[in-house]
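Peer 1: Dropping the structure in here first, questions after.
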Amino acid sequence: MQTKLLKPTPEALAEAAALLRRGELVAFPTETVYGLGANALDADAVLSIFRAKGRPADNPLIMHIHSEEQLDGLVTIPDMARPLMARFWPGPLTLLMPRTAAVPDAVTAGLATVAVRMPSHPIARRLLESCGLPVAAPSANRSGKPSPTTAAHVLEDMDGIIPLILDGGPCEVGLESTVLDVCHGTPCILRPGGVTREMLEEVIGPVTVAGSVLRPLREGEVARSPGMRYRHYAPEGAVLLVEGSEAETLEALRRLYRAAEAEGEKACVLCFSEHAHALSDCAPHDLGSISCPEETAGRLFDVLRGLDRDGYTAIFSEVVNPEGVGLAVMNRLGRAAGFHTVSATEVLRPDHKEE
Ligand code: TXA
Ligand code: MG
């Protein structure tokens, strides 16, 4: 199949809407990451998303809408959802809602709830409006790869597999939407994103965060969000996170980098802009400013994809404070590292041995 990459002209949007109505797949920009869309009410179209991504069939999709009326007959809106919809839609917040039989099992992997989101990106909104359908769309990457934040990333993964990519430039947020369960007791963040815990709590009071956001699932633990079970965001090389004071972290990163290179690895460090100069002989990759987790969010997936292109085998990274958007950054960085973390103090001990 020939994959077209088109700027979002009115003609291209009309072509994209027609493809969706015919049951085909279209990749399109949102404010978070690029999505791979299909008509959410056409089970065959939805199943073709799973094939294109190589996605496990038990990992449910998000249904995208442009107006609340589209939800009529598809879901029951939980009371707790209403003030959040009023405050954060359109925007990077996905809400779980009990669904009716009109939503195909293919979208929800058979679950009783469906994840719903109203994106704010103008191209996503125009596409949703002109096709007139709810659109099921996961991130437009091959399963396991970092989500695409540019049309070039989508092309890397989907060339020859889908008919059309709408190119809307780089995504603003750069990490996927916040997924919030408002169906069971205290609202719970299943996946942190651009709408932070602090922002949600201002509107609805206490919100919990699923345990698996900052650590691996424990043996026998049931994932509240199926996506949490899978290896994700991970580059081919081994990633190790280094925690500690600024001075110790920089010294530990240098030491880890040198030890890895001495063992024949192709090593690099991921660091804040403020530290790139001090780490200039350690192949530094700039995560943005230490004081701006939004900037790190915007760059992270591009940096992770670049590591594979350049063939790095040993990657050592600084960490951010898991607060505000920093929680989403640490969730993605943690999963990229398989949650492997070391303290800088430990690395600097004279008897420290690399594993
Ligand atoms: O920002 C985003 O959310 C992007 C853009 C394209 O909208 N989409 C996205 O979709 O990230 P995806 O499929 O890559 O991630 C959806 C996440 C998965 O972790 C999935 O397990 C979870 O949402 N999810 C979907 N439906 C669910 C449900 N009914 N219950 C629990 N988790 C659900
Ligand atoms: Mg995804």
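The values are calculated or read from the model by the stated rules, or taken from the named source; none is laboratory data. The shown structure was predicted, so the numbers you read here are calculated from the model rather than taken from an experiment. For neighbour counting, all protein chains shown are included, and Cβ atoms are generated from backbone atoms with ideal geometry for every residue, glycine included. Only protein heavy atoms, including side chains, enter the accessible area calculation; ligands, DNA and RNA are left aside. Shrake-Rupley method; radii C 1.70, N 1.55, O 1.52, S 1.80 Å.
Peer 1: When the C-alpha atoms of the chain are aligned to their principal axes, what extent does each axis show, in angstrom, from largest down?
Peer 2: So the extents along the principal axes, rounded to whole Å, are 65, 48, 35.
Peer 1: Here's something else I'd like to know. Can you give the angle from 0 to 90° between the axis of helix 122-131 and the longest principal axis of the chain, with both taken from C-alpha atoms, to the nearest 10?
Peer 2: The two axes meet at around 30 degrees.
Peer 1: Between GLU156, GLU24, GLU69, which gets the highest mean-square fluctuation from a Gaussian network model of the chain, Cα cutoff 10 Å?
Peer 2: GLU69
Peer 1: Once amide H atoms are placed 1.01 Å from N in the peptide plane, what residues at a sequence separation of 5 or more from VAL209, or on another chain, have their amide H within under 5 Å of its amide H?
Peer 2: Result for VAL209 returns ILE189.
Peer 1: Could I ask something else about it? Return the carbon/sulfur percentage of the accessible area of the stretch 206-355, one whole number, probe 1.4 Å, all protein chains in place.
Peer 2: Of the solvent-accessible surface of the stretch 206-355, carbon and sulfur hold 50 percent.
Peer 1: I've got another one for you. Taking H placed 1.01 Å from N in the peptide plane, check which residues at least 5 places from ASP167 or on another chain put their amide H under 5 Å from its amide H.
Peer 2: The answer is LEU6, LYS7.
Peer 1: Taking all protein chains in place and a 1.4 Å probe, what share, in percent, of the accessible surface of the stretch 74-138 do carbon and sulfur account for?
Peer 2: 56 percent
Peer 1: List the residues, sorted by chain then number, that are 5 or more residues from LEU270 or on another chain and whose placed amide H is less than 5 Å from its amide H.
Peer 2: Long-range HN contacts for LEU270: HIS285, PHE316, SER317, GLU318.
Peer 1: I've got another one for you. With every protein chain kept in place and ligands, DNA and RNA left out, what is the accessible area per residue of the stretch 238-347? Probe 1.4 Å, answer in Å².
Peer 2: On a per-residue basis, the stretch 238-347 sits at 40 Å².
Peer 1: Write down the accessible area per residue of the stretch 56-181 in Å², having rolled a 1.4 Å probe over the full set of protein chains.
Peer 2: Details: 4250 Å² over 126 residues.
That works out to 34 Å² per residue.
Peer 1: Label HIS184 and SER273 with points 7 Å out from Cα along Cα→Cβ: what is the distance between them in nm?
Peer 2: Distance between label points: 4.2 nm.
Peer 1: Another question about this same structure. Can you figure out the FRET efficiency of GLU251 with ARG309, using R₀ = 35 Å and their beta-carbon distance, to the nearest 0.05? Provide the component values of the computation, followed by the final result.
Peer 2: Details: r = 29 Å, r/R0 = 0.83.
E between GLU251 and ARG309, to the nearest 0.05, is 0.75.
Peer 1: Can you work out the Karplus-derived ³J(HN,Hα) for every residue in the stretch 55-61? Use 6.51 cos²θ - 1.76 cosθ + 1.60 with θ = phi - 60°, whole Hz, and x for glycine or proline.
Peer 2: In residue order, the calculated couplings are 8, x, 5, 8, 10, x, 9 Hz.
Peer 1: Per 0.36 nm of contour for each residue apart, how much would the distance between SER67 and ARG87 grow if the chain were fully extended, relative to their Cα-Cα spacing?
Peer 2: 5.8 nm
Peer 1: For the pair SER343 and ALA152, how long in nm is the line joining their label points, each one 7 Å along Cα→Cβ?
Peer 2: That separation, rounded to one decimal, is 4.1 nm.
Peer 1: Considering only C-alpha atoms, what is the centroid distance from the stretch 113-187 to the stretch 327-350, in Å?
Peer 2: One Cα centre to the other: 28 Å.
Peer 1: Averaging over every viewing direction, what projected area does the convex hull of the Cα atoms of the stretch 238-347 cover, in nm²?
Peer 2: 6.0 nm²
Peer 1: At 7 Å along the Cα-to-beta-carbon direction for both SER280 and LEU5, put a label point, then send me their distance in nm to one decimal.
Peer 2: Roughly 3.3 nm, to one decimal.
Peer 1: Once fully extended, how much extra length lies between ARG258 and THR76, figured as 0.36 nm per residue of separation less the alpha-carbon to alpha-carbon distance?
Peer 2: Length difference between fully extended and current span is 59.9 nm.
Peer 1: Where a Cα-Cα gap under 21 Å defines reach, which lysines qualify for LYS4, not counting those fewer than 8 residues away within the same chain?
Peer 2: LYS53
Peer 1: Out of the total accessible area of the stretch 1-60 (probe 1.4 Å, heavy atoms of protein only), what percent is carbon and sulfur?
Peer 2: Heavy-atom surface of the stretch 1-60 belonging to carbon and sulfur, 1.4 Å probe: 55 percent.
Peer 1: Moving on to the next point. Specify whether the C-alpha gyration tensor of the stretch 1-124 places it in the rounded, prolate or oblate class, a ≥ b ≥ c being the square roots of the eigenvalues: rounded for a/c under 1.5, otherwise prolate if a/b is larger than b/c and oblate if not.
Peer 2: Judged from the Cα gyration tensor, the stretch 1-124 comes out oblate (a/c at least 1.5, b/c at or above a/b).
Peer 1: Still on this structure, I have one more. Can you tell me how much longer the chain between ARG51 and GLU323 gets when fully stretched, taken as 0.36 nm per residue apart minus their C-alpha distance, in nm with one decimal?
Peer 2: 94.3 nm
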